[in-house]
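Novice: Just passing along the structure, written as C-alpha cells.
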Amino acid sequence: MSESPARERPPTGAVPPTGPTFVGMRGQPPQNLADVLERVLDKGIVIVGDIQVRLLDIELLTIKVRLMVASVERAQEMGINWWESDPFVSTGGEENRGNGHQDQLERRLAALEQRVAGRSTENGTDARPGERRPSEVRSAEAQTGEAQPAGDADR
Amino acid sequence: MSTAEPTVVHAYGLVPAGATPAVTEGIDSSDLATLDLGGLAAVVSELSADRYGPAAWRHHAEDPRWLEVVVRQHHAVLQSLVEQVDVLPLRLPGIHESVAVLETQFRSQWDELAEAFDRVRGHVELGAKVYLAGRDRHDEPSGEEPPPSTGRDYLQRRLDSARAREHVHAGRQAVLLDAHESLTRAATHARVNPLQDPALSGRGEPMMLNAAYLVSRARTEEFWEQARTSAEALGLEGMSLEVTGPWPPYNFTDWTWPSDGGSPA
C-alpha cells in the first residue's frame with residue numbers, strides 16, 4: 001500500500017498528513033450495498049416460523065452470496081466463526097434445545113462448514129441443497145463481535 | 001393485494017404499538033400494515049406467494065440481483081421507520097404463511113422479543129469504518145538516499161525500516177483502539193464486525209475497523225462530536241473514518257448481550 005504512493009510523492013517529504021476524511025451520512029439513508037447486505041442478511045432478529053424453518057437453506061445461501069461478493073478467504077473466515085458461535089440454535093417449533101441435540105447440531109454445522117468451504121474452492125460446482133432436513137437448525141448466524149481491528153493491513 | 005392470489009406475510013420489524021409511522025410502501029409496492037400484538041406491533045405486508053414465497057426464495061436467494069432488490073426494499077421500510085419511531089429489525093427472509101401464523105410465532109417468543117425491543121428502545125445504530133488512507137506523517141521520502149554501498153549498510157537499512165514500520169503500526173493500533181473506545185463511550189453498546197474485503201466495501205484502501213454503535217437518540221450529537229474528534233486523530237495516523245447512520249439497530253438484536261460491550265479483544 002505505501003510503496004506506490006511513495007513514488008508519486010514530491011521528494012521534499014513536506015507532504016502534509018492526509019486530512020481527516022470524515023464522511024458522515026447523516027440524514028440520508030445509507031445506501032452502500034455491502035453495508036445493507038451485511039446488516040439485513042446477517043443481523044436482525046430471527047423469528048421462529050414454520051416457513052422460515054423450511055427455509056434453512058437460505059441461511060446457507062446468504063453465505064454463498066457473501067462468497068460472491070467477498071473474497072473467498074474472508075468469507076470462509078467469517079463463515080466459520082459464524083456457524084460455530086451461534087448462541088441461538090434451536091429446533092424450530094419443537095422447543096428442543098437440549099445438550100444432546102446441540103451436539104448433533106454441532107456435527108451438522110461442521111458438515112455444513114465443509115460444504116461451504118468445498119463450494120468456495122470449487123467455485124461453481126453448485127450442489128443444490130438436496131436431502132438435508134433443515135427443520136432442526138433454524139438460525140446459524142454468527143456472533144461476529146470477536147473480530148478485531150485489522151492487524152496487518154497497513155504493512 | 002387481491003385475495004385471489006395466494007399470499008405470504010412478510011414482517012419487517014417491530015415498533016411500539018400505537019405508533020403510526022408514515023411509510024409509503026413495502027416490498028413489491030405492497031401496502032404496509034401494523035399488526036398490534038399488545039405493547040408492540042409488527043410492521044408487515046402481504047406479498048405474492050408465487051414471487052416471494054418459500055419456493056421463490058429457494059429459487060432466487062443465490063441471485064444477488066433478486067436479493068439486492070428485496071434487501072433494499074426491506075431495508076428501506078426499516079430505514080424509514082427508524083427515522084420516525086424505535087424499531088426492532090427482523091432478519092430476512094421474514095415470510096410467514098398468514099397473519100394468524102405470524103401472530104402465533106411472535107407470541108411464542110414474546111419475552112425474548114420484548115426484551116430485545118427494550119434494549120434498542122430509544123436508540124439508533126451508527127456505523128463506523130476506518131480505512132487506511134495510504135500515506136501519513138510517518139511516510140518519509142525514500143528516493144533520495146544513495147544505494148547502500150555495503151551489505152552491512154543494506155541490512156542496517158532494512159532493519160531500520162522494519163523498526164520504523166513496527167513503530168508506525170503500533171501507533172496506528174493505539175489510535176485506532178482509542179477511537180473505538182471513545183466512540184464506545186459515547187454509545188450504549190458497541191459491536192466490532194469482521195472487516196469487509198475491498199471487493200465488498202468497494203474501496204481500495206484496507207479496512208481497519210468495521211464497527212457498529214448503539215447510540216441513544218438523546219446522545220447522537222455527542223457521538224457525532226466524538227466522531228469528528230476521532231477522525232482528526234485517525235487522520236494524523238493516515239486513517240480515515242467513515243460514519244454512517246442512523247441505521248435501524250440491526251447489530252443489536254441478539255438475545256444475549258455481549259458481556260464486554262463488544263470492544264475488540
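Novice: Take the eigenvalues of the Cα gyration tensor for region B:47-103, scale each by 5, and report the square roots as semi-axes in whole Å, largest first.
Specialist: Values for region B:47-103, descending: 21, 17, 8 Å.
Novice: Follow-up question, since we're still on this one. Calculate I(q)/I(0) for region B:193-238 by the Debye formula, one identical point scatterer on each C-alpha and no solvent, and give its log10 at q = 0.17 Å⁻¹ to two decimals.
Specialist: Treating every Cα as an identical point scatterer, log10 I(q)/I(0) equals -0.68.
Novice: Okay, moving on. Would you tell me the mean number of C-beta atoms belonging to other protein chains that fall within 10 Å of each C-beta in B:48-60, as a whole number?
Specialist: For peptide B:48-60, the averaged partner shielding equals 2.
Novice: Further question: Pairwise over distinct Cα atoms, reciprocal of the mean inverse distance: report the Kirkwood radius of chain B in Å, one decimal place.
Specialist: Result for chain B stands at 21.4 Å.
Novice: Any idea what angle helix B:151-185 forms with the longest principal axis of chain B, computed on alpha-carbon atoms, 0 to 90 degrees, nearest 10?
Specialist: Result, in degrees: 30.
Novice: Compute the long axis of helix B:220-236 from its Cα atoms, compare it with the longest principal axis of the Cα atoms of chain B, and write down the angle in degrees, 0 to 90, nearest 10.
Specialist: That works out to roughly 30 degrees.
Novice: With all pairs of different alpha carbon atoms counted, what Kirkwood hydrodynamic radius in Å does region B:1-96 show?
Specialist: 13.6 Å
Novice: Another question, if that's okay. Mind checking the mean number of beta-carbon atoms from other chains within 10 Å of the Cβ atoms in B:233-245?
Specialist: Mean partner-chain Cβ count within 10 Å for B:233-245: 5.
Novice: List the relative contact order of region B:17-116 as a percent without decimals, with contacts defined as Cα pairs under 8 Å and 6+ residues apart.
Specialist: In percent, rounded to a whole number, it is 25.
Novice: Moving to a separate point now. If you fit an axis through the alpha-carbon atoms of helix B:110-120 and take the longest principal axis of the Cα set of chain B, what angle between them do you get, 0 to 90°, nearest 10?
Specialist: Taking Cα atoms only, the helix is inclined about 40 degrees.
Novice: Now, a different point. Counting only other chains, what is the mean number of Cβ atoms within 10 angstrom of the Cβ of each residue in peptide B:212-221?
Specialist: Mean partner shielding for this stretch: 1.
Quick note: the coordinates plus some simple rules give every number you see, no bench work behind them. In this text, all values refer to a predicted model and were calculated from it rather than measured experimentally. Virtual Cβ from ideal backbone geometry, glycine too; neighbours counted across all protein chains shown.
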